[in-house]
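A short reminder: the numbers here are calculations on the coordinates, not readings from a lab. The model shown is predicted, which means the values in this text are computed figures rather than measured ones. Cβ placement follows ideal geometry from the backbone for every residue including glycine, while neighbour counts extend to all protein chains displayed.
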């Protein structure tokens, strides 16, 4: 999904730089911007040989603190190359502003399928079941990775995850607030007072949506997990709860499938999906802790969407759909507060 060639930056200095990292690269480079995504602008690079690569860069302009961390994306994917977590092969990272204006990294182009609707209407029931089981396998594999063993022991601070993250996303939300959101204010008060006692630490992706995964063109096999910008060391149950939000949200709210009752044939229930994850990781899921993580994940998503909304107003968002996406922040915040008010932690 790309647009016609763009002039966001001069491709000639980029080609000169990449010659030192890609053997046999031939100029000129054709640069096309991918139309999906809201955060870091992403481009398809094609050299004169027809070889393809993908470039992700920081957007221009004033940015929120710690946001758009392309250097962390590069580091974590490079570290995961030898694990059971499928990632694209990294080519290089560059923080020299004279090349294209902002820091960027280049990785291999992975040919495959990206699914945007978690209900998978384009697949047969058996294919849906196999794809969800493969996705479950990879998420469990991610949370089984020993960060120390892959050189990521210092990738974040172990312990006290929720307190730190609630503080961080509260700050990010408040820095990008454009109008009052009473549900966000209520969550900012409630969440710190109800943090679970369980304080496990694992490698945390931070945006484990279906559309951040590339699957084999014809097999239910995951080839690459994308968009590691929000990754850190964190609580695996929070990562899982965010990943499982499609069972709690509708398509209109944010890429969910809760409007389907019953779910389309072949799709596992939320309960079954979590059961498989628990079996694969060997970690039991406490229903009350999971309920907190659902509310926290919605709060965090609302803060992210509010940032997108603010960037759309400032003219620095990476996608033309940013304003429409960012406007969903209010609905997600209200859904999160509804989770709290109903005290409904049970798994569906």
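Got a sec? How would 134, 272 order by Cβ neighbour count within 10 Å, fewest to most?
272, 134
Shape call for region 125-342 from the C-alpha gyration tensor, a ≥ b ≥ c root eigenvalues: rounded (a/c under 1.5), prolate (a/b greater than b/c) or oblate?
Verdict is rounded for region 125-342.
How high is the relative contact order of the chain, given as a whole-number percent (alpha carbon pairs under 8 Å, six or more residues apart)?
18 percent.
Could you grab the relative contact order for region 54-180? Cα pairs under 8 Å, six or more apart, rounded to a whole percent.
24
Determine, for 195, 332, the number of other Cβ atoms within 10 Å of each Cβ, and report the residues in order from fewest to most.
195, 332
Against the longest alpha carbon principal axis of the chain, how many degrees, from 0 to 90 and to the nearest 10, is the axis of helix 287-314 turned?
Tilt of helix 287-314: around 40 degrees.
Do me a favour and compute the ellipsoid semi-axes for region 126-236 from its Cα gyration tensor, root of five times each eigenvalue, largest one first, whole Å.
Equivalent-ellipsoid dimensions as semi-axes: 30, 19, 13 Å.
Select from 300, 271, 323 the residue whose mean-square fluctuation is largest in a Gaussian network model of the chain (Cα-Cα springs shorter than 10 Å).
The residue with the greatest mean-square fluctuation here is 271.
Most fluctuating residue of 274, 45, 181 in a GNM of the chain with Cα springs under 10 Å: which is it?
181
Within 10 Å of each residue's Cβ, count the other Cβ atoms and sort 129, 312, 231, 269 from fewest upward.
Least crowded to most crowded, the residues run 269, 129, 312, 231.
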